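Down below is the structure, laid out as structure tokens.
The values are calculated or read from the model by the stated rules, or taken from the named source; none is laboratory data. Just so you know, these numbers come straight off a predicted model, no measurement behind them. Quick reminder, even Gly has a Cβ in these numbers, built from the backbone with ideal geometry, and neighbours come from all protein chains shown.
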Amino acid sequence: MDEPTTELELDADLVRYPAVLVVTQGPAAGSRFELSQDRVAVGRHPDSDIFLDDITVSRRHAEVYRDGLVQQVRDMSSLNGTYLNSRRVEDAGLKNGDELQIGRFKLVYYDGSSE
């Protein structure tokens, strides 16, 4: 009989397979960004962790951050807004397969629970 997964085992899986954002539409289609830090800045500013070089993206557009074991996305008062599954959001949790839109870029979130 299989024993239930403990929180410690779940944490080990997250370290082994970090969550990622994969660009599916936009100038950087195919790019993959690991979300291995507690906070990841997304924007057009060259110092952004995820640099999206397009005029439709604000310099400091959004951030993805970890709240416990859940990744969240927060809009940073961007001009064009941040969209999660075609709905404008200010702050929202991410689930495996969610589509994030930042300017002309569409990125799919994968939670890292599998290879």
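Only residues in segment 79-107 that are polar (S, T, N, Q) count as the first member; pair them with residues that are at pLDDT below 95, Cβ under 8 angstrom, at least 6 apart or cross-chain, and list the lot.
Within 8 Å, the pairs are ASN96/ASP111; ASN96/SER113.
Restricting segment 21-57 to residues that are in contact with a Pro (Cβ under 9 Å, 6 or more places away or on another chain) and hydrophobic (A, V, I, L, M, F, W, C), which is surrounded by the most Cβ atoms within 10 Å (Cβ to Cβ)?
LEU52
Going residue by residue through segment 85-108, is there one that turns out to be in a strand (DSSP E or B), surrounded by fewer than 16 Cβ atoms within 10 Å (Cβ to Cβ) and of a type in the set (Gly, Ala, Ser)?
yes
Exactly one of these conditions fails for SER58: (1) hydroxyl-bearing (Ser, Thr, Tyr); (2) under 11 Å from the mean Cα position of the chain (by Cα); (3) at pLDDT 95 or above. Give me its number.
It fails just one condition, (2).
Of everything in segment 45-57, what is in contact (Cβ under 8 Å) with a residue 24 or more places away in the chain and not β-branched (Val, Ile, Thr)? Give them in sequence order.
LEU52, ASP53, ASP54
Tally up the residues in segment 61-78 that are in contact (Cβ under 8 Å) with a residue 40 or more places away in the chain and more than 12 Å from the chain's Cα centre (by Cα), please.
2
Mind telling me which of the residues LEU107, LEU94, LEU79 ends up being in contact with a Phe, Trp or Tyr (Cβ under 7 Å, 6 or more places away or on another chain) and within 26 Å of ILE55 (Cβ to Cβ)?
LEU94 is the lone residue from the list that is in contact with a Phe, Trp or Tyr (Cβ under 7 Å, 6 or more places away or on another chain) and within 26 Å of ILE55 (Cβ to Cβ).
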